[in-house]
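One structure is given here, and the rest of the page talks about it.
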Amino acid sequence: GIRACRDLTGRGLIGAPLQATIQVNVHTPWEIWPWIAGIETLEIMYHSIHYLDSIRSVMGMIPEYIYADGARYPGQGVTGETRTMIHIKFPGDARGLIHDNHNNGMPQDDWYATFRFEGTEGIVKGTNGALYNYPNGQGDTIGYYSKLLEPGRLYAPKLEGLWFPHAFIGTMGELLCAIEEEREPENSVRDNLVTMQMMFAAYRSMAENRPVYLQEIAASVS
C-alpha cells in the first residue's frame, strides 16, 4: 500500500503533497517478545519507525523538525512507551502526523490501521492489512481521487502481496538489483540514516518537550 502511494504521488496524481497521516489503534501483545519488556524506547523504535520512513518516502521530502509525545498505559507489562503522537514539519506547508496506540482492549472489529496522503490535486488513502485479523494479517487496501483524471471518481485498485513477507522480499530484491546494476539502492544506508535521525529526534523531543530539528541529530556515512 505504501509503495502504491509513493508511485501515485511520484507521478503527480495528487499534486504537491501537503499532508500525511498514519493512524493505528490496535492491541499489540508485547509479551510474546520477552526481550522487549525492559526496553525504555519501545513504540517508536520498534514500530512507528516504519511510519516515519513511509511518510518521508511518500512525501519525497526531508523533514525540518519532529515534535513527539509518548506515554504508557496503566498496568502495561512493558517499560517503554506504547502510545505516541508524532508531528512532522516538512519544508513549506507540508505536514505529517502519526497517532499510534497499542492498547485497544476492544474486539478486533474496533481496531484500525490507516494511512492517508493529501495533495493539491487529490488524495490517496488505505489500510495496513498486517494489523487486521492479527496476527495472521490480510492484504492492504488503497483508494485515490485525482482532479487530473476523472474528478470525483474513487479509483480502488486491488493490490498484490502482503507486508509479510512481500514488502521484505521487495527491499532485499532492490538491494540485489542495485548490486547487479552497480548503483546505490533506493533504500541505501545513506538514505536510511535520515529515518534514524527522525527516530532519535522524536525521542529527544519526548524527553525535552520541544520540537527537535533533524540537524541536531548527527548523521554521516563514509
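The values are calculated or read from the model by the stated rules, or taken from the named source; none is laboratory data. Just so it is clear, the structure is predicted and the values come from calculations on it, not from any experiment. Reconstructed Cβ throughout: ideal geometry from the backbone, glycine too, with neighbour counts over all protein chains shown. These accessible areas exclude ligands, DNA and RNA; they are computed on the full protein's heavy atoms, side chains included. Shrake-Rupley method; radii C 1.70, N 1.55, O 1.52, S 1.80 Å.
Only residues that are more than 18 Å from the chain's Cα centre (by Cα) and open to solvent by less than 60 Å² (accessible area, probe 1.4 Å): list them for the range 178-193, please. Answer for the range 178-193, where residues must be more than 18 Å from the chain's Cα centre (by Cα) and open to solvent by less than 60 Å² (accessible area, probe 1.4 Å): Ala178, Pro185. Close contacts from the range 162-173, counting a first residue that is in contact (Cβ under 8 Å) with a residue 60 or more places away in the chain and within 15 Å of Glu186 (Cβ to Cβ) and a second that is in a helix (DSSP H, G or I) and open to solvent by 50 Å² or more (accessible area, probe 1.4 Å), with Cβ to Cβ under 9 Å and a gap of 6+ residues or different chains, come to Ala167/Arg3; Gly170/Arg3. Can you name every residue in the range 54-77 that is of a type outside the set (A, V, I, L, M, F, W, C) and open to solvent by less than 50 Å² (accessible area, probe 1.4 Å)? Answer for the range 54-77, where residues must be of a type outside the set (A, V, I, L, M, F, W, C) and open to solvent by less than 50 Å² (accessible area, probe 1.4 Å): Ser54, Arg56, Ser57, Pro63, Tyr65, Gly70, Gln76.
Out of the residues in the range 24-53 meeting the condition of being among the acidic types (Asp, Glu) and open to solvent by 40 Å² or more (accessible area, probe 1.4 Å), tell me which one is nearest to Ser205 (Cα to Cα). Ranking the candidates gives Glu40 first. Identify, by number, the condition in (1) among the small types (Gly, Ala, Ser); (2) closer than 20 Å to Met45 by Cβ; (3) surrounded by fewer than 16 Cβ atoms within 10 Å (Cβ to Cβ) that Gly80 doesn't meet. So Gly80 meets the others, but not (3).
Return a yes/no flag: does the range 22-31 have any residue that is free of Cβ contacts under 8 Å to residues at least 60 places away in the same chain and over 27 Å from Asp93 (Cα atoms). Within the range 22-31, one or more residues are free of Cβ contacts under 8 Å to residues at least 60 places away in the same chain and over 27 Å from Asp93 (Cα atoms). Somewhere in the range 127-141, is a residue within 15 Å of Cys5 (Cα to Cα), of a type in the set (Phe, Trp, Tyr) and touching a residue at least 40 places away in the same chain (Cβ under 8 Å)? Checking the range 127-141: not a single residue is within 15 Å of Cys5 (Cα to Cα), of a type in the set (Phe, Trp, Tyr) and touching a residue at least 40 places away in the same chain (Cβ under 8 Å). Within this structure, Thr21 passes the test of being open to solvent by 20 Å² or more (accessible area, probe 1.4 Å) and either within 21 Å of Val212 (Cβ to Cβ) or under 16 Å from the mean Cα position of the chain (by Cα) (or both).
Of all residues in the range 147-182, those that are over 20 Å from Leu8 (Cβ atoms) and not in a helix (DSSP H, G or I) total 1. The residues of the range 1-15 that are open to solvent by 70 Å² or more (accessible area, probe 1.4 Å) and in a loop (DSSP other than H, G, I, E, B) amount to a single one, Arg11.
Does Leu149 fit the bill of being open to solvent by 50 Å² or more (accessible area, probe 1.4 Å) and at pLDDT 95 or above? So Leu149 passes the test.
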